[in-house]
Amino acid sequence: METRGSNTAKTARFTALYAREQPRVFAYAYRRLGDRNEAEELTAEVFRIAWERTATGGEVMTTGWLIVTARNLLANHYRATARLTDLHRRITAELDRAPASGQDTAVLDALDQLPARHRDVLLLSYWDGLSAAETGEVLGCAAPAVWVRLHRARKAFRAVYVEESE
């Protein structure tokens with residue numbers, strides 16, 4: 001059990017570490033991000049992680065540890081930014097698409113009426129472009145079973161689609 005004195009000593013060591021290293025960590029982040037607010041947020045996150053480590057009994061960090069933590073957080077930031085950019089690009093492409101035609105709507109309506117087992121194998125094969133082996137992996141069956149399921153799903157789709165168009 002920790003005593004009040006050891007907590008005070010831990011807090012004092014952490015405060016000294018923060019006062020000494022915060023400008024260096026901030027400068028590191030700022031040089032890489034080029035945005036003061038983002039650099040401040042990243043620096044705060046580095047020291048939050050350091051404090052949690054200290055609070056759970058870890059050692060007081062070194063400059064190297066703080067910079068590695070900042071580097072890891074920057075890598076996470078870059079990955080998140082790339083995912084967000086990709087999402088924006090896909091949404092823009094989707095919004096720029098022509099509206100669905102009557103035939104597209106009929107196909108979607110027919111798919112909605114199919115049982116999930118038929119709809120899933122059709123979407124995985126045609127929409128997602130998976131091979132029979134990949135589709136089988138998703139559905140938990142062998143590739144030959146996928147071909148059988150696909151045959152049955154096509155037959156069911158054809159029946160519903162013809163019924164819809166009449």
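The values are calculated or read from the model by the stated rules, or taken from the named source; none is laboratory data. Not measured: the values here are computed from a predicted model. Cβ sites come from the backbone with ideal geometry, for glycine too, and all protein chains shown count toward neighbours. What goes into the accessible areas is simple: the full protein's heavy atoms, side chains included, and nothing from ligands, DNA or RNA. Shrake-Rupley method; radii C 1.70, N 1.55, O 1.52, S 1.80 Å.
Considering T92, T105, which residue is at pLDDT below 85 and closer than 30 Å to L33 by Cα?
Exactly one of T92, T105 is at pLDDT below 85 and closer than 30 Å to L33 by Cα, namely T92.
Six or more apart or on different chains, Cβ under 6 Å: which pairs go from a residue in the range 134-149 that's farther than 14 Å from L122 by Cβ to one that's open to solvent by 50 Å² or more (accessible area, probe 1.4 Å)? Could you list them?
G136/A142; A143/A133
Looking only at the range 128-141, filter to residues that are of a type in the set (A, V, I, L, M), surrounded by fewer than 18 Cβ atoms within 10 Å (Cβ to Cβ) and closer than 20 Å to P115 by Cα; which one of those is farthest from the chain's Cα centre (by Cα)?
If we take residues in the range 128-141 being of a type in the set (A, V, I, L, M), surrounded by fewer than 18 Cβ atoms within 10 Å (Cβ to Cβ) and closer than 20 Å to P115 by Cα, then L139 is farthest from the chain's Cα centre (by Cα).
Name the pairs whose Cβ atoms lie under 6 Å apart, with the first residue in the range 106-125 and in contact (Cβ under 8 Å) with a residue 40 or more places away in the chain, the second among the small types (G, A, S) and in a helix (DSSP H, G or I), and 6 or more positions between them or separate chains?
L114/A156
Scan the range 53-76 residue by residue and report those that are within 26 Å of L33 (Cα to Cα) and either at pLDDT below 85 or open to solvent by 60 Å² or more (accessible area, probe 1.4 Å) (or both).
Selection gives R53, M61, T62, W65, V68, R71, N72, N76.
For the range 118-126, check the following and say yes or no: at least one residue is over 30 Å from T11 (Cβ atoms), open to solvent by 100 Å² or more (accessible area, probe 1.4 Å) and modelled with pLDDT of 90 or more.
no
Evaluate the range 28-47: report whether one residue or more is open to solvent by 60 Å² or more (accessible area, probe 1.4 Å) and of a type in the set (F, W, Y).
Looking through the range 28-47, at least one residue is open to solvent by 60 Å² or more (accessible area, probe 1.4 Å) and of a type in the set (F, W, Y).
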